[in-house]
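Working notes, structure below.
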Amino acid sequence: MMNRRKFIKTSVAGMATISMMGAGNACKNAFSAGEEIVDSVKFGETGLTVSRIAMGTGTHGSGRASDQTRLGMEQFVKLAHHAYEKGIRFFDMADAYGSQPYVGESIKTLPRENLTLMSKMWTHEDGSEQNEPVSRIIDRFRKEAGTEYFDILLMHCMVDGNWPNNRKHYMDGLSRAKQDGIVKAIGVSCHNWEALVKAAESPWVDVILARINPFGTLMDNTPDAVKELLGKARQNGKGIIAMKVFGEGRHVTDSEREQSLKFILEESNVHCMTLGMPAEAQIDDAVARVMRLAKG
């Protein structure tokens, strides 16, 4: 697996080479890092419009830390503002990443109405009423992220098909938050095929965060099976977000990035994607490639 430093170095070197090429000599797949701004898309039947790329904040995330938060607050804010300037108005957070305070600091000077804020709640399987009230969890999330409401709030990392039965405590709390206007759309992130099948058919779910890439890496089934299921979920009006687009960093060569993004845009049945990009060069690379491919 290419490490982060090597990927950044490769991306910067590649863009430097392209910038030195004359316009007449530029190859078909060449791009200029500074020219493109990512577009926005209708997000299923959620009533939301989102940027086609979300800024992921959970690369190697666990224990309330990630590659993005390990940059430190100043560098994180700089990175988030760069993403915003490139048209990325969708910020993907999670309590498990510890990224909510970082996004909160980043958006202090940004117009809230232009943003899509999504976070993810870690849930206990038993759904016991002894668990912390969902309203209290969401209040903490809102305080950390510096927002009165979340556009999207998900139950994080569903790993079995029984989640609609053993997460009643959280589902009811999220439904109340949606009714109260504190959350606009609710749903799940999935790390299991049966969990994904349930999400695709559940009327409770507005949004699905699903693992998909053309290589089948860290996915819940084959690429063909997952994209077929996501197609059914789209028909059910759900907003679909792709994650693990580069197989959690296992497929980041130039040709692999191209193949992955082409697959996501043309075949995967998702509306948008979340990408973990701890460097500005990676943001520039992703935005330029996505927009070139989206324009055909």
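The values are calculated or read from the model by the stated rules, or taken from the named source; none is laboratory data. The model shown is predicted, which means the values in this text are computed figures rather than measured ones. Positions of Cβ are generated from backbone atoms using ideal geometry, with glycine treated the same way; all protein chains shown enter the neighbour counts. In case anyone asks, the SASA skips ligands and DNA or RNA and just uses the protein heavy atoms, side chains included. Shrake-Rupley method; radii C 1.70, N 1.55, O 1.52, S 1.80 Å.
Quick notes
- Annotation note: trypsin sites (Lys or Arg not before Pro) in segment 196-296 located in DSSP loop regions with a Cβ neighbour count of at most 16 within 10 Å are ARG250, LYS295.
- Net dipole in debye of segment 102-228 [+1 Lys, Arg Cβ; -1 Asp, Glu Cβ; about Cα centre; nearest 20]: 360
- Count of Lys pairs (Cα-Cα under 25 Å; at least 8 positions apart or interchain) in segment 82-229: 22
- Here the chain is treated as a Stokes sphere of Kirkwood radius computed over C-alpha pairs; at 10 °C and 1.306 mPa s its diffusion coefficient rounds to 82 µm²/s.
- For the residues ASN221, ASN236, ASN165, a GNM of the chain with alpha-carbon springs under 10 Å puts the largest fluctuation on ASN165.
- About its Cα centre, the dipole of segment 54-132 is roughly 480 debye, where the only charges are +1 on Lys and Arg Cβ and -1 on Asp and Glu Cβ.
- Computed over segment 132-236, the P(r) tail beyond 20 angstrom holds 41 percent of alpha carbon pairs.
- Accessible surface of the chain [probe 1.4 Å, protein heavy atoms]: carbon and sulfur percent: 48
- Ellipticity estimate at 222 nm from DSSP helix runs (n ≥ 4, -39,500 (n - 2.57)) divided over the chain, nearest 500: -12000 deg cm²/dmol
- Relative intensity of segment 186-266 on a log10 scale, I(q)/I(0) at q = 0.16 Å⁻¹, equals -0.54, per a Debye sum over C-alpha point scatterers of equal strength in the absence of solvent.
- 5 Å binning of all Cα-Cα separations within segment 109-188, expressed as whole percents from 0 upward: 3, 15, 28, 24, 16, 8, 3, 2, 0
- In Hz, Karplus ³J(HN,Hα) per residue of segment 96-108 (6.51, -1.76, 1.60; θ = phi - 60°; x = Gly, Pro): 5, 8, x, 8, 4, x, 6, 5, x, 5, 5, 8, 4
- Stokes-Einstein D in µm²/s, Kirkwood radius over Cα pairs - segment 143-184 at 37 °C with 0.692 mPa s viscosity: 287
- Excluding ligands, DNA and RNA, the accessible surface per residue across the chain is 44 Å² with a 1.4 Å probe.
- Qualifying GluC sites (Glu not before Pro) in segment 84-179, DSSP loop, other Cβ atoms within 10 Å at most 16: GLU125, GLU129, GLU148
- Normalising by residue count, segment 229-280 has a Cα convex hull of 82 Å³ per residue.
- Working note: Cα atoms of segment 176-217, range along each principal axis, descending, whole Å: 41, 16, 11.
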